Amino acid sequence: MKTQISSDVRLLADLIRKGGVVVFPTETVYGIGASSYNEEACKRIYQIKGRPSDNPLIAHFSSIEEIKSVCEVSEVAERLLCEFAPGPLTLVLPKKNPNIFPKELSTLAVRIPKNPIVRDWIKTCDSPISAPSANLSGRPSLTRMTDVVRYFDGIVDGIFVTDEPSLGIESTVVGMFEDPPVLLRPGSIESNELKRFFPNLLVPNSFLVEGKTVPLSPGMKYKHYAPKANVKLLSPDAFSSEWNRYGTDSKTAWIGFSYANEEKLESTFTKTNPTRVKIVSSNFEYSTELYAFFESCDQMGIDTIHCETPKEGEGKEGLLNRLQKASEAN
Ligand code: AMP
Ligand code: MG
């Protein structure tokens, strides 16, 4: 298949209107999208990704009004959208329009991406865009154009060239289909910000029924964000001491804040491939770089990626969740 790699909003909207699949960037990660009213095209996304068929897609809209035309938007949901949309917040709402994908569900996950050019494209498509992250199921999401082209050129109808993702981790997902609302996936918009709107918000790990975790969102039960290399999540102390012992091993990679032995850091940078060692200065930078780093490590044939735990405070919640899931998948 010839893939149109383009910034032309009209051309890319035409592809969607003809039932095509287009990879596009959002402020979180790259998405792989099709018209929410074209079931066949949406199902092709599952085939391309190898995504389990019971894991529904987020529908991307260009305005709150469009969301209101297909979902029940309660007063608090509207206030949340006014505060955080466009932005990295996904709400799962009761669905009004049964024709929107996935037809069999009574709820719909909705989001408005931040890039105005992407919103303009969605508007030009005359349809919301159903899109999961553009990656193979279970693997890290993609945040760099070069990786998107490597995976999807020749496989999808179009690749949208515009600003690359800046946040680097997937949206926060809040289930608003029952009371109290539940945090289905942590992300850049953190639970303390959401609790301003609903102090009774349920957060993960509190879904224990007879000792079993009940996944309220299908996506919660699957392996996620895992590179081929093993991921080790380490406290700052453990990170530093492992670094001192194994830092020069060329099959290891490192991403974190604390490099105990600066001299060794320098020699590792100069003597070996520097891309296997990454220093970050904030949780925000860590999130932005994480998946691209995982991807580079896999391309280099790294065996083990050592990741330092995020710092306390802003940006920790979503990042820690991704690191935990990636390390659990070993
Ligand atoms: P992804 O498409 O990879 O960004 O993941 C989307 C996430 O939203 C997954 O965890 C899905 O299970 C979740 N999701 C999408 N639609 C719904 C829905 N209707 N109800 C509950 N969770 C949903
Ligand atoms: Mg995903």
Tally of residues being within 18 Å of K228 (Cβ to Cβ), surrounded by fewer than 23 Cβ atoms within 10 Å (Cβ to Cβ), in contact (Cβ under 8 Å) with a residue 40 or more places away in the chain and more than 12 Å from ligand 1 (Cβ to nearest atom) across the stretch 138-157
2
Determine whether the stretch 170-190 contains at least one residue that is of a type in the set (A, V, I, L, M), closer than 17 Å to C42 by Cα and surrounded by 22 or more Cβ atoms within 10 Å (Cβ to Cβ).
no
Do we find a residue being aliphatic (A, V, I, L, M) and more than 16 Å from ligand 1 (Cβ to nearest atom) anywhere in the stretch 125-137?
no
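In this structure, does E104 turn out to be more than 28 Å from S287 (Cα to Cα), in a loop (DSSP other than H, G, I, E, B) and without any contact (Cβ under 8 Å) to a residue 60 or more places away in the chain?
yes
Name the one entry in S36, S62 that is among the polar types (S, T, N, Q), within 27 Å of L11 (Cα to Cα) and buried (at least 22 other Cβ atoms within 10 Å of the Cβ).
Working: S62 fails: buried (at least 22 other Cβ atoms within 10 Å of the Cβ).
Every option except S36 fails the conditions.
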Residues to consider are D157, D153; find the one that is under 20 Å from T3 (Cβ atoms) and touching a helix residue (DSSP H, G or I) at 6+ places or on another chain (Cβ under 8 Å).
D157
Tell me, please, whether a residue that is more than 10 Å from ligand 1 (Cβ to nearest atom), over 19 Å from F61 (Cα atoms) and without any contact (Cβ under 8 Å) to a residue 24 or more places away in the chain can be found in the stretch 158-167.
no
Under the condition of being at pLDDT 95 or above and among the acidic types (D, E), which residue from the stretch 160-189 is farthest from ligand 2 (Cβ to nearest atom)?
D163
When residues of the stretch 288-298 are limited to those that are touching a helix residue (DSSP H, G or I) at 6+ places or on another chain (Cβ under 9 Å) and of a type outside the set (S, T, Y), the one surrounded by the most Cβ atoms within 10 Å (Cβ to Cβ)
F294
Taking E285 as the residue in question, decide whether it is crowded, with 17+ Cβ neighbours inside 10 Å, at pLDDT 95 or above, acidic (D, E) and part of a helix (DSSP H, G or I).
no
For the stretch 139-163, what are the residues that are in a helix (DSSP H, G or I) and not β-branched (V, I, T)?
M145, D147, R150, Y151, F152
Could you tell me whether the stretch 20-32 includes any residue that is within 16 Å of ligand 1 (Cβ to nearest atom) and without any contact (Cβ under 8 Å) to a residue 12 or more places away in the chain?
no
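Just checking, does the stretch 110-124 include any residue being closer than 19 Å to P186 by Cα, out of contact with any Cys (no Cβ under 8 Å at 6 or more places or on another chain) and within 16 Å of ligand 2 (Cβ to nearest atom)?
Within the stretch 110-124, one or more residues are closer than 19 Å to P186 by Cα, out of contact with any Cys (no Cβ under 8 Å at 6 or more places or on another chain) and within 16 Å of ligand 2 (Cβ to nearest atom).
The values are calculated or read from the model by the stated rules, or taken from the named source; none is laboratory data. Being a predicted model, the structure only gives us computed values, none of them experimental. When we count neighbours, we look across all protein chains shown, and the Cβ atoms used for this are built from the backbone with ideal geometry, even at glycine.
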